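Novice: Can you read through this structure? Questions will come right after.
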Ligand SMILES: [Zn+2]
């Protein structure tokens, strides 16, 4: 399992607009970007990317999430694989060795807080 601190470093070093642009032609619409969804077939763009929130969301098929989720869905990766793929793009190494119990305990609380924040953020995004 990957420490949440590494995941958050990679997240901050990654621009989701750039990642999505490799697959989707994005057009700026206000503060967001819109394009044709790569995950379902459509003629009018309902796929949006928020550079401020660093998330994507498709109003057509409901696909959404972070840059990690986009890579997982696009390339059929697992979460750790997506984290490693984005990490290598921005030069952040993902530790492979398992954490010691002491290390686990140290990051445990931090991760719970981060996870709670993330779930809350996702919830508010999907139900504005
Ligand atoms: Zn879609």
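Each reported figure results from applying straightforward, stated rules to the coordinates on display, with no laboratory input. Computed from a predicted model, the values in this text were never measured in an experiment. As a convention, Cβ positions derive from the backbone with ideal geometry for all residues, glycine included, and neighbour counts pool all protein chains shown.
Novice: Give me the angle, in degrees from 0 to 90, between the Cα long axis of helix 79-89 and the longest principal axis of the Cα atoms of the chain, rounded to the nearest 10.
Specialist: 80 degrees
Novice: Here is a further query. Quick one: if you stick a label point 7 Å off each Cα along the C-beta vector at residue 89 and residue 115, how many nm between them?
Specialist: For residue 89 paired with residue 115, the spin-label model returns 2.6 nm.
Novice: Which percentage, to the nearest 5, of the DSSP beta bridges contained in region 4-97 is antiparallel?
Specialist: In region 4-97, approximately 100 percent of DSSP beta bridges are antiparallel ones.
Novice: Pull out the extension gain between residue 46 and residue 5, defined as 0.36 nm times the separation in residues minus the alpha carbon to alpha carbon distance; nm, one decimal.
Specialist: Stretched fully, the residue 46-residue 5 segment lengthens by 11.5 nm.
Novice: Please compute, over every Cα-Cα pair in region 4-97, the percentage with a separation greater than 24 angstrom. Let's see the in-between values first.
Specialist: Numbers: 843 of 4371 pairs.
The proportion of pairs with Cα distances above 24 Å equals 19 percent.
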